[in-house]
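See below for the structure under consideration.
The values are calculated or read from the model by the stated rules, or taken from the named source; none is laboratory data. A quick note: this is a predicted structure, and the numbers were derived from the prediction, not measured. Because the Cβ atoms are built from the backbone with ideal geometry, glycine has one as well, and the counts that use them run over all protein chains shown. Note: areas computed on protein heavy atoms with side chains; ligands, DNA, RNA excluded. Shrake-Rupley method; radii C 1.70, N 1.55, O 1.52, S 1.80 Å.
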Amino acid sequence: MHKPGPGPAREGEASDMRIGIIGAGNIGGNLTRRFTAAGHDVLVANSRGPHTLTALAEETGATPVRAEEAAHGAEVVVVTVPLRAVPDLPSGLLDGAAEDVAVIDTGNYYPRQRDGRVAAIEDEGLTESRWTERQIGHPVVKAFNGTYAQDLLERPRPAGDPGRMALPVAGDDQAAKAKVRRLIDEIGFDTVDAGGIDDSWRQQPGTPVYGMRGGVDAVVQALGEASPRRPADFRGQRTAGPGTRAL
């Protein structure tokens with residue numbers, strides 16, 4: 001199930017794509033920096049409007065847009081917003097995107113720290129990214145969710161470098177996953193195929209690979225050591241009723 005990343009991208013293979021980024025926090029902002037530096041045409045949006053992205057646009061050359069416009073013509077769309085904000089994304093979010101658009105979900109579920117309890121994740125056993133798919137109505141590729149934002153700027157390495165980090169990538173659409181893996185390779189990281197979206201619990205918060213800075217072998221091992229049981233710190237608390245206790 002776990003496969004190492006592809007070899008180095010051939011010159012021009014993954015260049016000059018239009019990429020939409022929805023969310024301009026730490027991960028979204030640094031992906032904007034990395035993708036524009038690699039020569040891609042980046043549209044970036046946040047919840048506060050394009051006027052708040054002027055500095056990032058001037059720094060990177062990205063185009064600030066409204067969230068409804070971020071996917072227009074995009075071959076890759078990155079959804080990098082808090083999980084609790086996913087249901088509030090504009091309807092028709094991917095209208096106007098390329099027919100074969102790959103959607104990257106960088107999100108994590110933090111029920112106690114930020115998001116509140118999501119029954120479909122905890123009671124139905126959905127992975128975080130499967131839940132996100134249902135909200136936006138499109139398959140996703142889970143990537144960058146366990147990556148420190150600053151590492152995107154400070155830790156890229158050329159292919160073959162012994163210190164090159166590897167990132168787990170999960171998704172059901174093999175073509176979309178391959179596109180995402182090529183893009184990650186292009187910006188300086190190896191990848192490991194972590195299986196489908198129903199397997200993406202292996203890279204959720206609290207798992208061995210989450211936050212790892214290792215290479216391919218270390219990531220493969222960490223994925224294999226993951227437990228499907230969600231750690232207590234990443235489970236939401238039920239509202240206590242008569243005769244019950246909050247979990």
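Reported count of residues in the range 178-191, each being open to solvent by 20 Å² or more (accessible area, probe 1.4 Å) and over 30 Å from Glu122 (Cα atoms), is 4. Residues being closer than 17 Å to Gly20 by Cα and in a loop (DSSP other than H, G, I, E, B) are represented in the range 103-112 by at least one member.
Within the range 132-146, being over 19 Å from Thr60 (Cβ atoms) and either assigned to a loop (DSSP other than H, G, I, E, B) or of a type in the set (Val, Ile, Thr) (or both) holds for Thr132, Ile136, Gly137, His138, Pro139, Val140, Val141, Ala143, Asn145, Gly146. Once the range 58-72 is narrowed to residues that are part of a helix (DSSP H, G or I) and more than 14 Å from Ile19 (Cβ to Cβ), the residue that is most open to solvent (accessible area, probe 1.4 Å) is Glu58. Considering only the range 15-55, how many residues are buried (at least 21 other Cβ atoms within 10 Å of the Cβ), aliphatic (A, V, I, L, M) and not in a loop (DSSP other than H, G, I, E, B)? Result for the range 15-55: 10.
Considering each residue of the range 124-161, count those that are closer than 20 Å to Gly28 by Cβ and out of contact with any helix residue (DSSP H, G or I) (no Cβ under 8 Å at 6 or more places or on another chain), and give that number. Qualifying residue count, the range 124-161: 5.
Within the range 117-146, residues that are closer than 27 Å to Val219 by Cβ have Cβ atoms under 8 Å from residues that are assigned to a helix (DSSP H, G or I) and among the hydroxyl-bearing types (Ser, Thr, Tyr) in these pairs: Thr127/Ser200; Glu128/Ser200; Ser129/Ser200; Arg130/Ser200; Val140/Ser129; Val140/Thr132; Lys142/Ser129; Lys142/Ser200, counting only partners at least 6 apart in sequence or on another chain. Answer with yes or no whether Val86 is under 14 Å from the mean Cα position of the chain (by Cα) and under 18 Å from Val169 (Cβ atoms). No; evaluated as a whole, the condition is false for this residue. In the set (1) over 16 Å from the mean Cα position of the chain (by Cα); (2) among the aliphatic types (A, V, I, L, M); (3) assigned to a helix (DSSP H, G or I), the condition left unmet by Ala178 is number (1).
The rows are residues; the columns are (1) among the hydroxyl-bearing types (Ser, Thr, Tyr); (2) surrounded by fewer than 23 Cβ atoms within 10 Å (Cβ to Cβ); (3) out of contact with any Asp or Glu (no Cβ under 7 Å at 6 or more places or on another chain).
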position	(1), (2), (3)
Val140	no, no, no
Asp173	no, yes, yes
Ala176	no, yes, yes
Asp193	no, yes, yes
Pro208	no, yes, no
Leu223	no, no, yes
Ser227	yes, yes, yes
Gly236	no, yes, no
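Checking the range 198-205 against the condition returns a match, with at least one residue being out of contact with any strand residue (DSSP E or B) (no Cβ under 9 Å at 6 or more places or on another chain), surrounded by fewer than 22 Cβ atoms within 10 Å (Cβ to Cβ), assigned to a loop (DSSP other than H, G, I, E, B) and in contact (Cβ under 8 Å) with a residue 24 or more places away in the chain.
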